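Computed from the coordinates by the stated procedures, all read-outs in this text should not be read as laboratory data. This one's a predicted model, so the numbers in the text were calculated from it and none came from an experiment. Methodologically, a virtual Cβ is constructed for each residue, glycine included, from the backbone with ideal geometry; neighbour enumeration extends over all protein chains shown.
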Amino acid sequence: MTRLMNLDSQGHIGVHTAVTAILGILTAVNEHIIDTTPNERHTGSDDHSSFPYALCISALKDLETLVEVVAEQYYGDKKWNFIAVTEAIKVIVRLVLFQKSGYKMLLHGGETPNVEKYSEDTSSQHRIGSFPQPEGHHGPGWLQNSHGQNLGWLQNSHGQDPWNLEGRALSALSRFGENARMISNPVWMQRIQQQHAIMNPPTSIIKRPTLSMILSEKGVNGALFVLGEVLFITRPLIYVLFIRRYGVRSWIPWFLSLAVDFIGIGFLSHVTKSGKSEREQQFHLSASEKDEVKRRKLLWALYLMREPFFSKYTRQKLESTEKLLEPVPLFGTLTAKIVELVIGAQTRYTYMSGS
């Protein structure tokens, strides 16, 4: 802890950043262990869930904060080299997750799985064509064997009560067959089969769409959707690389990053509103994906806190507000502390990156 306290010249801000990063990594690992239960192995989920992408991304974000604090202390402005490396790793992980998920929109940068939820009515019924197959308790005439398996609906040619002589004969014949099968199979064999059915439930094979499938089915809109997501994923890395090239005080990284965000959201808005032709089918966003689009637009407010916009405009507004409220006994002191914390946090790339 003494070593961490010497890492930053700004005092408690650097210590708080380092401790928060370490605690964030431990919390992410702990939540992953709690959320990962043995039953999830048999749920028939996508194959990409076998690798903890969400945990990896959360740990990388917290690790990037710690890397920035240490690199700034020992290397100064060369910290952007280390930040660029961590951003590149995050881009690779997110691109892999984007491909493994079937090119679904990443929620919270990949920290939240994008799993489509179906209604219980459609998932709880076994359907034949478009009609639900009856289950459970049935009316007269629906035959079941001794294991509760449905044998079918018996009905004579006149639509009368099936419990006539022919119906009773067929029912007796089916029960005889079931009893014969049970006698031929030992009890221990039946128990093994039941245990095997419990331990290995049937899993549904989910076929994830490939890039070629999206391009062939969605046409130009499919390409724009994928390109918009790729721009959103790579935008932080582009921003850091241009800061390394032109410096944090240059307007070029700021405007370029903002342009990438605008283009990505523009592509997404276009594909969700268009799609009148057959080859350009419309994309329908789920409720969680719509919330993700709103979240991405709210992140644009961070541009007010990034250099050089912050030094030229935002900081002046904050300091003028502080001077205006300084004579007020309680609000003056509170405003001064808030402005101090905002200015200190603004110096951290990881706090204002939105990645």
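All other residues whose Cβ lies under 10 angstrom from that of G247 are scored, Lys and Arg at +1 and Asp and Glu at -1, for a net of +1. Remark: segment 237-245, residue by residue, has Karplus-estimated 3J(HN,Hα) of 5, 4, 4, 5, 4, 6, 5, 4, 7 Hz, where x stands for each Gly or Pro and the curve is 6.51 cos²θ - 1.76 cosθ + 1.60 at θ = phi - 60°. By the rule of a C-alpha distance below 23 Å, with chain neighbours fewer than 8 residues away ignored, the lysines paired with K100 are K61, K90, K117, K207, K218, K290. Which whole-angstrom value gives the distance between the alpha carbon centres of segment 320-339 and segment 54-85? Using only Cα atoms to place each centre, the spacing works out to 33 Å.
Summing +1 for each Lys or Arg and -1 for each Asp or Glu among the other residues whose beta-carbon sits under 13 angstrom from that of I238 gives +2. Which residues in segment 293-312 place their backbone N less than 18 Å from a point set 7 Å from the Cα of L227 along the Cα-to-Cβ direction? What the label zone holds, given the 18 Å backbone N cut-off, is no residue at all. Placing unit charges on the Cβ atoms only, positive for Lys and Arg and negative for Asp and Glu, gives segment 252-355 a dipole magnitude near 140 debye about its Cα centre. Packing, taken as the mean count of other beta carbons within 10 Å per residue, orders the peptides 63-71, 215-223 from highest to lowest as 63-71, 215-223. Ranked by the mean number of other Cβ atoms within 10 Å per residue, highest first, peptides 321-331, 257-267 order as 257-267, 321-331.
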